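> Sharing a structure here in structure tokens format.
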Amino acid sequence: MQTVVVTDGKYRTSIAVVRALGRAGLQVVVTQTREDTRGEPPVFTSRYAAETHWLEGSVTDADYTDRLLALLRQYDRPVLFCVGAATLGAVSRRREEFARVCDFLIADPEVLDRLNDKAEVWSRCRALGIPVPEQYEREPDRYPVVIKPHCGEKLGLTAADRYTVAGNPAEYASCMTQMRQYDPEPLVQEKLEGEGVGVSLLLDRDGKLVSAICHRRVREYPISGGPSTCCESFYDEEMIGTACRLLVDFGFVGMAMVEFKAGRVLEVNPRIWGSFPLTACTDSPFALNYVRAAAGERVDYTPCDYRTGVRMRFLLNDTLAMFAYLGHGRFRAFGEGVADVFRAKEALTDREDPAPMRRYLRQNFFGK
């Protein structure tokens, strides 16, 4: 039986990964560093987690990868599935050592750094003829604009702090001062209107497309542009082709989400993404295809191998978003949220595996 080691169990995304792989008959081992979470991660209670392991210390420790390598050596060439960006980067930097004991699909550190740099992605898109927002080298002559660092995640910023919006010259000056405390030369781009779209791809070690799934944002929190709290699956062959062309040009391997708005590329997240549970809700084989391709199996891409028109919501965050829309007088958005309580799938709820959701709610309401 193939063993898969899933890291960073504290992230709710890991629950969907563990369920998908466990249901496929794989032995799933889940890890979490003690110093990076309070209490036992909800995924540790999943019936599909064959084993759970605490790793001492934090993912920021210099010897974190040594501890992870020691665990991996206990199994017969497992597949490594990195959920956290910090773990992904750490493994990438020591990829040759990890490749001796396990299989994985992770890009070189230089590729990850370039894809995490929004300016680099913008320039590469321009060179490839892929539409991007207008970017200003000096004070813009049109507003509103978005001001953001080259890589907010690398700076440890929360999603809400990774950008700011300026609607006039006075706000621009203030926002530039705010962002320069993180990045001396922040990016300034036009603020695009319209729905946000994520095109998520899996590329094998030869850079060949293995899986893809598209989703559109329905609601987000904070409502000014935070992470998605409700999203809906759809299929767009052209957008998948564009995203794939961009990732291949970078020499990328593994999982990534290319974010679009108004038909233009905003950024690339070269890792597992927040709305990954949608793959489970839509019966996408994304997680299983990762394991198969990482283990060296040839996996041919099947277009639209998931259900479209499926809505998924994160109960707590989406409730906050709904009332934020109501507070801003956006009654239609609030009403749609109420309707989705009955028609959208809850990301973490599973009738056959109820324990993780119970633990998640208990931790959020009672801190334990």
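The values are calculated or read from the model by the stated rules, or taken from the named source; none is laboratory data. What you see is a predicted model, and the numbers here were worked out from it, not measured in a lab. All Cβ positions, glycine included, derive from the backbone under ideal geometry; neighbour counts span all protein chains shown. When the accessible area is computed, the model is the full protein with side chains, heavy atoms only, and any ligands, DNA or RNA have been set aside. Shrake-Rupley method; radii C 1.70, N 1.55, O 1.52, S 1.80 Å.
> So for segment 87-102 (the condition being assigned to a helix (DSSP H, G or I), open to solvent by 10 Å² or more (accessible area, probe 1.4 Å), among the aliphatic types (A, V, I, L, M) and touching a residue at least 60 places away in the same chain (Cβ under 8 Å)), does at least one residue qualify?
yes
> I want to confirm something. Restricting to segment 162-171 and keeping residues that are surrounded by 16 or more Cβ atoms within 10 Å (Cβ to Cβ) and not hydrophobic (A, V, I, L, M, F, W, C), which single residue is nearest to A85 (Cα to Cα)?
It comes out as R162.
> Answer yes or no as to whether L326 is free of Cβ contacts under 8 Å to residues at least 60 places away in the same chain, in contact with a strand residue (DSSP E or B) (Cβ under 6 Å, 6 or more places away or on another chain) and either β-branched (V, I, T) or open to solvent by 10 Å² or more (accessible area, probe 1.4 Å) (or both).
no
> Mind listing whichever residues of segment 303-323 are touching a residue at least 60 places away in the same chain (Cβ under 8 Å) and open to solvent by 20 Å² or more (accessible area, probe 1.4 Å)?
P303, C304, D305, R307, T308, G309, R311, N317, L320 - these are the residues of segment 303-323 that are touching a residue at least 60 places away in the same chain (Cβ under 8 Å) and open to solvent by 20 Å² or more (accessible area, probe 1.4 Å).
> Name the residues in segment 224-250 that are under 17 Å from the mean Cα position of the chain (by Cα) and of a type in the set (D, E), would you?
Matches in segment 224-250: E232 only.
> For residues that are at pLDDT below 90 and of a type in the set (S, T, Y), scanning just segment 172-185, find the one that is most open to solvent (accessible area, probe 1.4 Å).
Step by step, filter segment 172-185, then rank; the result is Y182.
> Still on this structure, please answer the following. Of everything in segment 263-288, what is under 8 Å from the mean Cα position of the chain (by Cα) and either open to solvent by 20 Å² or more (accessible area, probe 1.4 Å) or within 11 Å of R19 (Cβ to Cβ) (or both)? Give them in sequence order.
Within segment 263-288, N269, R271, G274 meet the criteria.
> Hey, can you tell me all the residues within segment 12-44 that are out of contact with any strand residue (DSSP E or B) (no Cβ under 9 Å at 6 or more places or on another chain), hydroxyl-bearing (S, T, Y) and farther than 19 Å from L288 by Cβ?
T37, the sole residue that qualifies.
> Here's another thing I want to ask about it. Return only the number of the condition from (1) closer than 25 Å to A280 by Cα; (2) open to solvent by 50 Å² or more (accessible area, probe 1.4 Å); (3) not in a strand (DSSP E or B) that Q74 does not satisfy.
Every listed condition holds for Q74 apart from (1).
> Mind listing just one residue for me: the one in segment 116-153 that is of a type in the set (A, V, I, L, M) and in contact (Cβ under 8 Å) with a residue 24 or more places away in the chain and, of those, surrounded by the fewest Cβ atoms within 10 Å (Cβ to Cβ)?
L128
> Continuing with this model, one more query. Specify which of the listed residues (D353, D300, D318) is in contact with a Phe, Trp or Tyr (Cβ under 9 Å, 6 or more places away or on another chain), in a loop (DSSP other than H, G, I, E, B) and not basic (K, R).
The match here is D353.
> Then there's this: Condition (residue is outside any helix (DSSP H, G or I) and among the acidic types (D, E)) applied to segment 324-338: is it met by at least one residue?
no
> Suppose we filter V218, V188 for residues that are crowded, with 19+ Cβ neighbours inside 10 Å and either at pLDDT below 95 or part of a loop (DSSP other than H, G, I, E, B) (or both); which single one remains?
V188
> Within segment 241-248, identify whether any single residue is surrounded by fewer than 19 Cβ atoms within 10 Å (Cβ to Cβ), part of a strand (DSSP E or B) and out of contact with any helix residue (DSSP H, G or I) (no Cβ under 6 Å at 6 or more places or on another chain), and answer yes or no.
No - not one qualifying residue is present in segment 241-248.
> List the residue pairs whose Cβ atoms are under 6 Å apart, where the first residue sits in segment 341-368 and is more than 14 Å from N317 (Cα to Cα), the second is modelled with pLDDT under 95 and open to solvent by less than 80 Å² (accessible area, probe 1.4 Å), and the two are 6 or more positions apart or on different chains.
From residues that are more than 14 Å from N317 (Cα to Cα), the pairs are Q363/G39; K368/G39.
> Considering each residue of segment 23-43, count those that are buried (at least 21 other Cβ atoms within 10 Å of the Cβ) and assigned to a helix (DSSP H, G or I), and give that number.
Residues in segment 23-43 being buried (at least 21 other Cβ atoms within 10 Å of the Cβ) and assigned to a helix (DSSP H, G or I): 2 in total.
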